[in-house]
Each structure stands twice: as structure tokens, then as C-alpha cells.
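As C-alpha cells, the structure follows; a few thoughts come after it.
The values are calculated or read from the model by the stated rules, or taken from the named source; none is laboratory data. Only a predicted model underlies this, so the values are computations on that prediction, with no experimental measurement involved. Cβ placement follows ideal geometry from the backbone for every residue including glycine, while neighbour counts extend to all protein chains displayed. Surface accessibility is based on the protein's heavy atoms, side chains included, excluding ligands, DNA and RNA. Shrake-Rupley method; radii C 1.70, N 1.55, O 1.52, S 1.80 Å.
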Amino acid sequence: MKSSTTVFDGGNCIGGNKIHLQAGETGIFLDFGLNFKTLGMYFEEFLKPRTATHGIQDLIALGIIPPFEDIYREDAIIPGMTIKSGMRPKVDAVFISHAHVDHTGSISLIRPDIPVYGTHMTAVICKAMQDCSRGGLEGEVAYYTIRVIDEKNPDKITKKSKDPCISRSFSLVDRHGETDSIQQFWCRPYSGKELIASPLINSDGIVKDIPFEAIPVDHSIYGATCYVFDVGGRSFVYTGDFRLHGRRQEMSDAFVRRIKQISPDYLMVEGTNMGSHKGNDTIKGRRASEDDVYLNCLKATKDASGRLVIADFGPRNIERLEIFVEIARETQRHLVITPKDAFMLYAMNLADPNIPDILADDVIMIYDSGKSKEAKWESGFIRQEFSSKYITPKAVKAHPEDHILAFSFFDIANLLDIQPDGGIYIYSTCEAFSEEMVLDVWRLGNWLEHFGIEPVGFKIDRTGGSPGEAEIEFTPGYHASGHVSADELIDLIYDVKPKAIIPVHTEHPEIFADRFGKDFEVILPRHGVPIEL
Ligand SMILES: [Zn+2]
């Protein structure tokens, strides 16, 4: 059987994975993510692609998505637009490795009759993210609304507010004991609009000619999985994003054991941390682990006794949230999360009962920002189900020493209602690597100074007054990477001994050739160029 793989995006960059695998007449995509780097070359927060009216036109024109014929939704192609590229990869399924947007973000643009495959956890996270989103064309991973020609502007498309949402076909790659509550969540509309739902499907481990196996991996989001495909008798492993230094060591050990046993013909592996990376996830040349983060954040919280603690960690990083639940318990504080995080936590607990159950956990509370108009998922669900967990700014203000606020920079305006008198802000997320992020940290510094709050995990010298003159320094040990370290990856590869290595999700594919070239076949993918398997 003739087989090949083509990396269309996500090869020599981090994120935006769109990797095609073909065996005989069967074709699948491994992830169909949004490439933030390409998007950021043209767009920013206040300059967005005109998808609401122009569908995928701008994205194709600027090369943000490849000009595939016959893969994108017909209702997202405006009248008069034709895609003529000769690129027609066969697609029988799209496999999601995990629910980070750089791996899932462009699934919303593909035809809804193409089934999506992923874990139970990935399904609920995609659904919860969409339920809480504003409902643009880019976010329709779990369900979609059919766009129609705009009667007033017949060369454009529009969305009719009364039109229902329709579930995408989603097949589950992992087994699960109890699934009723997950199915109910998947089929329930939380946005206030009608949902024509179809339940999640249990896959039978094969897509036409391609049998597959899913192996759970540890990453900075739950539900991440590595896939093994049998392409005409050869084994092809796609690791997705993973790490080996997380807290779920048994899962990582089992993953390594299984990959070793398979001894793959092709190992397509992520290489985010290959190269001269120095970040706030490194302590003296060593990767910080989640346990380092726990110990450092615990100490900072203990040292802040009597004062307010604010903990800033990435969205949907529930493992980090669990660390702060532990810290809150140990320091006799409440962990106050945003309603959005509460919704995500609720959904994720359905897929994994080890994740804190908001009602049962006396440490967790939900911040009541007192917004006059709440979104339907909050007013109609979170506020109904978890009303006893809500806490007002006034209550936090009265006893700042009893609380840890799980806020990010974008929640910082809430401090105006709390009016804290000092405290600490723990920066437990990846350091700023773009100009916009540096600008945000500079603004964050101004907020903290205004309220006399001490930053932990970063230092900022703003003597110059303008963001350009500010010096920001991130302190290691308050954040751990979601990706395998270079040293561990080298050990893993020599342990597993694949016949060939195909690096992806890395800015330094050439390091793979230098480091492994003498012992293994290393195939460096070029975007859009097929690799025969
Ligand atoms: Zn990821």
C-alpha cells in the first residue's frame, strides 16, 4: 500500500499543525490548528480577519490556511470565490492530539461531514470553550451554524441569529467508564441557542485503511494523546505535544513503555524545547517541574500571610489550578476562580472525576464580578448550579488574607472593586515572548504598583516610564513547560530507537539532523512536500 505524510503547517514553527497522512485510498489530518505566528503577521486584537462577512477568503489570501480545494466548509466560501491550487488531499478524518487552539483552531473551517477524532476530555474542553466564546466562525469546533448569503450584500455571508447550531461528528479514541454525563454535556446547548445534537461516537480504532491506537500523554492541558497509525504495515507515531516531567509520572512512564514496545518505523515528534531556549521554566539549566512550581508558589503564599494572593496561570491549565487548590488548602485560604474557569472545571470533571468537583470542594469559590449582563452559560447554568459558591468583591476586600484569586492580567480591572491594600501577584505562566505580551506585563506592573502589590515570578524596572524602556526579568521556578525538555527527548529517542525521525512543532528542525543524523534517519519536513513512507 502506498503511504505518505505531508506537513502542510507546523513543521519548522511552533503551532498550527496541519499534517496529512495517506495510506492507500485513506487520508487523515493530524491536527488542524491555527498558526498564531502567521495570523500575527497581519492581524492583532483590533484588526481581525473578516470571517463573519467574508468567510475564509482573507485567511486563504494571506496564507493563514492552505488553499485546499474541497476541504473547507461550503458555507464559509463567499459567492464568486474559487480556490484553484490543485491541492486536494483526501480527508476521511481529522485527529486532534489535544485541545490547544494551535492544534484545533482551524477545524471550525472544515466541512462538517469530515469526522473529528479525539479523547473524551478533548471533546468536553472543545465544547466548553465554544460554549463560553462569542460564537465567531473560527470557534466552531464542537458545533456550527450554517452561514447564508447576506440578502443585502449578496457577495457576502452572514449568520442568522435564530438559526440552530448543529453538532459536528466527533468520534472518541479512548475508553471511558461512565459516559452519560459527558453525552449530556455534549448535547446540551448552554449558549441559549437551539442545538441539533448528535451524540459522541465510540470509534472502533480504524479509519478505512488506517488502524490506530491512542496513547495518553502528559501536557499542559488534560486529554492530550499520542497516536500510532498502521500505514500499510508500517508504524507511524505522532506524539502531539507532550512532556515527561509533569506530575502524572505513571502516564508518562506508560507512554514511553508503549512507544518502546512499538519501536516505530516513523516517529513524528514535537521539538518545542530543542534549541537554545532560556525561559522562566528553567532553573540553572534544568527544566522546572510542576513540583518545583508547587513548592515555590506555596512558599510565596506562606510568606504573604495576612495579605491577598493573586495567582496568574494559563487558561485551561487545570493541573496548575489543582496545584493552587492544594496551596489554598494548605494555607487555609479559598481559591477564587472566574465563572469561565468554573464552567471549564465543571466540564472537565465530567471527563475525569479526579479533577476537583466545584460543589464538593470547600476550597473553591467563584468570583462574582457583578456584571449587569451575563452570558447565557453563566446566568442559565453556573449561577444556577453553583450559586452557593459565588463570592463578592466586598467579601474578598473584607478578608484578603483568606483568598487566592486565580486571575490573569485580563481580569485585573476587578481589583478596582476589591481595592486591596498590598498583597502578592504570582506570575505562574510562560514569560512574555512577543512585543504585545511585554506591553501587557508593563501595564500589569502599573496596576500592581497602583495597589502596592508585590510581583512574584517577575521583576520590572519602569524607570524610563515608557514600555520600550522598561526592563522585565522573569524569575524561574514559578512556571513549568508543557513540553518535553531537550535532554529528555534525546534520551527518549535513543531509548525508543525509531527507524526514522520526523521533527515537527519546532523552530530548530536542523538540530534533530545534527544530533541524531549519524544514528537514525532524520527526515526534515518541508511544508507541502510529501514524504514517502
Ligand atoms: Zn499544546
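Identify, from the list 30, 34, 137, 39, the residue that is touching a His at 6+ places or on another chain (Cβ under 9 Å), crowded, with 16+ Cβ neighbours inside 10 Å and modelled with pLDDT under 95.
Working: 30 fails: modelled with pLDDT under 95; 137 fails: touching a His at 6+ places or on another chain (Cβ under 9 Å); 39 fails: touching a His at 6+ places or on another chain (Cβ under 9 Å).
It is 34.
Just to be sure, is residue 239 β-branched (Val, Ile, Thr) and modelled with pLDDT of 90 or more?
Values: β-branched (Val, Ile, Thr): yes; modelled with pLDDT of 90 or more: yes.
Considered against the rule, which asks whether it is β-branched (Val, Ile, Thr) and modelled with pLDDT of 90 or more, residue 239 comes out as yes.
Out of all the residues in the range 70-104, which are within 16 Å of the ligand (Cβ to nearest atom) and either aliphatic (A, V, I, L, M) or touching a strand residue (DSSP E or B) at 6+ places or on another chain (Cβ under 8 Å) (or both)? Walk me through it before giving the result.
Of all residues in the range 70-104, those within 16 Å of the ligand (Cβ to nearest atom) come to 95-104.
Correct list: 95, 96, 97, 98, 99, 101, 103, 104.
I need the full set of residues from the range 197-214 which are outside any loop (DSSP other than H, G, I, E, B) and either within 16 Å of the ligand (Cβ to nearest atom) or surrounded by 20 or more Cβ atoms within 10 Å (Cβ to Cβ) (or both), in order please.
Filtering the range 197-214 down to residues outside any loop (DSSP other than H, G, I, E, B) leaves 201-202, 206-207, 210-214.
Scanning the range 197-214 gives 207, 210, 212, 214.
Select from the range 259-272 the residues that are away from the ligand (no atom under 16 Å from the Cβ) and open to solvent by 10 Å² or more (accessible area, probe 1.4 Å) and list them in ascending order. Give the derivation first.
Narrowing the range 259-272 to residues away from the ligand (no atom under 16 Å from the Cβ): 259-267.
Scanning the range 259-272 gives 260, 261, 262, 263, 265, 266.
Identify the residue in the range 476-491 that is out of contact with any Asp or Glu (no Cβ under 8 Å at 6 or more places or on another chain) and open to solvent by 50 Å² or more (accessible area, probe 1.4 Å) and, among all such residues, is modelled with the lowest pLDDT. Spell out how you get there, then give the answer.
Step one: of the range 476-491, the residues out of contact with any Asp or Glu (no Cβ under 8 Å at 6 or more places or on another chain) are 478, 485-491.
Applying the additional criterion that residues be open to solvent by 50 Å² or more (accessible area, probe 1.4 Å) yields 487-488, 491.
Details: 487: 89, 488: 92, 491: 94.
My answer is 487.
Go through the range 399-411 and count every residue that is more than 30 Å from the chain's Cα centre (by Cα) and over 20 Å from residue 303 (Cα atoms).
Within the range 399-411, the first condition is being more than 30 Å from the chain's Cα centre (by Cα), and the residues that meet it are 399-402.
Remaining after also requiring over 20 Å from residue 303 (Cα atoms): none.
The number of residues fulfilling the criteria is 0.
Among the residues of the range 492-510, write down those that are open to solvent by 30 Å² or more (accessible area, probe 1.4 Å) and within 18 Å of residue 241 (Cβ to Cβ). Write out each step before concluding.
Of the residues in the range 492-510, the ones open to solvent by 30 Å² or more (accessible area, probe 1.4 Å) are 494-495, 497, 499, 507-508, 510.
Residues satisfying the conditions are 507, 508.
Filter the range 215-258 for residues that are within 13 Å of the ligand (Cβ to nearest atom) and part of a strand (DSSP E or B); which is farthest from residue 503 (Cα to Cα)?
Keep residues of the range 215-258 that are within 13 Å of the ligand (Cβ to nearest atom), which gives 217-226, 239-243, 246.
Within this subset, residues satisfying the condition of being part of a strand (DSSP E or B) are 218, 225-226, 243.
On the way: 218: 19, 225: 17, 226: 14, 243: 15 Å.
Filtering first and then ranking leaves 218.
Which members of the range 1-50 meet the condition of being among the basic types (Lys, Arg) and within 16 Å of the ligand (Cβ to nearest atom)? Let's see the steps before the verdict.
Taking the range 1-50 first, the residues among the basic types (Lys, Arg) are 2, 18, 37, 48, 50.
Of everything in the range 1-50, those that are among the basic types (Lys, Arg) and within 16 Å of the ligand (Cβ to nearest atom) turn out to be 18, 37.
Here's the yes/no breakdown for (1) outside any helix (DSSP H, G or I); (2) surrounded by fewer than 21 Cβ atoms within 10 Å (Cβ to Cβ); (3) without any contact (Cβ under 8 Å) to a residue 60 or more places away in the chain:
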{"position": "397", "(1), (2), (3)": "no, yes, yes"}
{"position": "404", "(1), (2), (3)": "yes, no, no"}
{"position": "413", "(1), (2), (3)": "no, yes, yes"}
{"position": "439", "(1), (2), (3)": "no, yes, yes"}
{"position": "447", "(1), (2), (3)": "no, yes, yes"}
{"position": "455", "(1), (2), (3)": "yes, yes, yes"}
